[in-house]
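These notes concern the structure reproduced below.
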Amino acid sequence: MKEIIRSPLFALLISILAYETGIFINKRTRIAFFNPLMIAIALVIGTLLALHIPLEDYKKGGDFISLFLTPATVILAVPLYKNINSLKKDYVAILGGVIIGSVTAILSVWAMAKAFGLSKELIASLIPKSITTPLGIELSTQMKGIPSVTVAAIIITGIFGAVFAEWLLKVCKITDKTAKGIAIGTSSHALGTTKAVDIGETEGAMSGLAIGLAGLVTVIVATVLFKFGFF
Amino acid sequence: MKLLRQFLIVLIICFVGEVLNKVVHVPLPGSIIGMILLFICLITGVIKLDKIDEISRFLIDHLAFFFIPAGVGLLGYVGILKKSILPILVICFVTTFVVMIVTGWTIQMIKGRKGK
């Protein structure tokens, strides 16, 4: 039995089952905060802990699923291409939003971390939290942060984004499709984008675009600030 | 075979993206380079939309699912985060909200001005 529950196939099985359950709960309750992804993650973690399956064993199958993240990010060019007219029409607003959003991300994290009295190392680790993981790891290393803390912060941020985006955008009267998508992608990268593609094609396309743009702007701005000893 | 053939096109682009990142040292993640490449291929007509339509729907429909292992991986960081877990959670929570609102409002403001 041990071999069976430790095989990559079992990891795949519980991941799909957990996700199906997440979708089921989300649809049945119609509560947006019950995000299927969040429920699935919680269920898998619960299963691993209950059955005493080490994370390393789950990872064997999990890595197989993660493998799809690169092609899934690349393919976001398709909705973007389908929305090329919004892109042409609104590029000034899009760039403005991404730049101001990314600078806000850096400064707000820095200010809050300072207020909490966190160490320099931790501040550097948290600054890339809104951008996509590979860029975030690089930026964190560059600023002498702890890459694993950065990865954790990026994932936590993404889950918050995915869970609360729809509600927050509604409460704050952000109704324009482009604004919604760019806001989600800039604040919570590819993980938030899972929610954006769920809201609509234009939102998904813009969120996908913002993953790359916000990552780029954040790396440039943070690197300059770091070089001048701001952090 | 159709889905697999379409997947091949996407994988080739992913691969070129990785090569540009690792070998040519383009300072962007392979996935982002790939996204730009695919976008260029679609605009120039090198790749027609119907050649990747099904795989695109499959990947985008399951985008959230592909993130499950990354989220489960948080379990491995509990040890590192333990000491400052509360401030980190609060910072992630608050700043994500702030950035989302500021970005959205900025875009609506710029668009609104242009429209007048």
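List every residue pair whose Cβ atoms sit under 9 Å apart, with the two residues 6 or more apart in sequence or on different chains, where the first one lies in the stretch A:1-13 and is aliphatic (A, V, I, L, M) and the second, anywhere, is open to solvent by 100 Å² or more (accessible area, probe 1.4 Å).
Between residues of the stretch A:1-13 that are aliphatic (A, V, I, L, M) and residues that are open to solvent by 100 Å² or more (accessible area, probe 1.4 Å), the close pairs are A:ALA11/A:LYS60; A:ALA11/A:PHE64; A:LEU12/A:PHE64.
For the stretch A:101-199, which fully contained helices (runs of 4 or more DSSP H) count at least 3 residues that are over 23 Å from B:ASN21 (Cβ atoms) and of a type in the set (D, E, K, R)? Explain how you work it out, then say what you get.
Details: elements: A:120-126, A:133-142, A:147-171, A:177-199.
By residue number, A:177-199.
Within the stretch B:77-97, track down each residue that is under 21 Å from the mean Cα position of the chain (by Cα) and either of a type outside the set (Phe, Trp, Tyr) or outside any helix (DSSP H, G or I) (or both). Outline the logic, then answer.
Initially, the stretch B:77-97 is screened for residues under 21 Å from the mean Cα position of the chain (by Cα), giving B:92-93, B:95-97.
Correct list: B:CYS92, B:THR95, B:THR96.
Within the stretch A:198-220, take every residue that is among the hydroxyl-bearing types (Ser, Thr, Tyr) and open to solvent by less than 10 Å² (accessible area, probe 1.4 Å) and give me the one that is nearest to A:ASN83 (Cα to Cα). Break it down into steps so the answer makes sense when it comes.
Start the filter on the stretch A:198-220 by keeping residues that are among the hydroxyl-bearing types (Ser, Thr, Tyr), which leaves A:202, A:207, A:218.
If we keep only those that are open to solvent by less than 10 Å² (accessible area, probe 1.4 Å) too, we end up with A:207, A:218.
Numbers: A:SER207: 12, A:THR218: 25 Å.
Ranking the candidates gives A:SER207 first.
Out of B:LEU38, B:LEU74, B:LEU20, B:LEU63, which single residue is more than 18 Å from the chain's Cα centre (by Cα) and free of Cβ contacts under 8 Å to residues at least 60 places away in the same chain?
Working: B:LEU38 fails: more than 18 Å from the chain's Cα centre (by Cα); B:LEU20 fails: more than 18 Å from the chain's Cα centre (by Cα); B:LEU63 fails: more than 18 Å from the chain's Cα centre (by Cα).
It is B:LEU74.
Which condition breaks for A:LYS195 when tested against (1) open to solvent by 10 Å² or more (accessible area, probe 1.4 Å); (2) more than 9 Å from chain B (Cβ to nearest Cβ); (3) within 21 Å of A:THR133 (Cα to Cα)?
Here A:LYS195 meets the rest and fails (2).
Quick check: anything in the stretch A:14-32 farther than 29 Å from B:GLN6 by Cβ, in contact (Cβ under 8 Å) with a residue 60 or more places away in the chain, open to solvent by 60 Å² or more (accessible area, probe 1.4 Å) and under 19 Å from the mean Cα position of the chain (by Cα)?
Checked against the condition, which is being farther than 29 Å from B:GLN6 by Cβ, in contact (Cβ under 8 Å) with a residue 60 or more places away in the chain, open to solvent by 60 Å² or more (accessible area, probe 1.4 Å) and under 19 Å from the mean Cα position of the chain (by Cα), the stretch A:14-32 yields no hits at all.
Scan the stretch A:100-140 for residues that are surrounded by fewer than 24 Cβ atoms within 10 Å (Cβ to Cβ), among the polar types (S, T, N, Q) and over 20 Å from A:GLY185 (Cβ atoms) and jot them down.
Hit for the stretch A:100-140 is A:SER119, nothing else.
Can you name the number of the only condition in (1) surrounded by fewer than 23 Cβ atoms within 10 Å (Cβ to Cβ); (2) in contact (Cβ under 8 Å) with a residue 12 or more places away in the chain that A:PHE68 fails?
Only one criterion is unmet by A:PHE68, namely (2).
Which members of the stretch A:88-134 meet the condition of being in contact (Cβ under 8 Å) with a residue 60 or more places away in the chain, out of contact with any helix residue (DSSP H, G or I) (no Cβ under 7 Å at 6 or more places or on another chain) and under 21 Å from A:THR202 (Cβ atoms)?
Of all residues in the stretch A:88-134, those in contact (Cβ under 8 Å) with a residue 60 or more places away in the chain come to A:90, A:93-95, A:97-99, A:101-103, A:105-106, A:110, A:120, A:123-124, A:127-128, A:130-132.
Applying the additional criterion that residues be out of contact with any helix residue (DSSP H, G or I) (no Cβ under 7 Å at 6 or more places or on another chain) yields A:95, A:120.
Within the stretch A:88-134, A:LEU95 is the sole residue that qualifies.
Which of the following residues is β-branched (Val, Ile, Thr), more than 30 Å from A:ILE84 (Cβ to Cβ) and open to solvent by 30 Å² or more (accessible area, probe 1.4 Å): B:VAL72, B:VAL94, B:VAL46? Lay out the reasoning, then the answer.
Numbers: B:VAL72 fails: open to solvent by 30 Å² or more (accessible area, probe 1.4 Å); B:VAL46 fails: more than 30 Å from A:ILE84 (Cβ to Cβ).
Criteria check complete, one pass: B:VAL94.
Specify which of the listed residues (A:ILE159, A:ILE182) is in contact (Cβ under 8 Å) with a residue 24 or more places away in the chain, open to solvent by 20 Å² or more (accessible area, probe 1.4 Å) and either of a type in the set (A, V, I, L, M) or under 30 Å from A:ASN85 (Cα atoms) (or both). Can you show your working first?
On the way: A:ILE182 fails: open to solvent by 20 Å² or more (accessible area, probe 1.4 Å).
Among A:ILE159, A:ILE182, only A:ILE159 is in contact (Cβ under 8 Å) with a residue 24 or more places away in the chain, open to solvent by 20 Å² or more (accessible area, probe 1.4 Å) and either of a type in the set (A, V, I, L, M) or under 30 Å from A:ASN85 (Cα atoms) (or both).
The values are calculated or read from the model by the stated rules, or taken from the named source; none is laboratory data. Keep in mind that what you see is a predicted model, and the values were worked out from it rather than measured. Counting neighbours? That spans all protein chains shown, and the Cβs are built from the backbone with ideal geometry, glycine included. Surface accessibility is based on the protein's heavy atoms, side chains included, excluding ligands, DNA and RNA. Shrake-Rupley method; radii C 1.70, N 1.55, O 1.52, S 1.80 Å.
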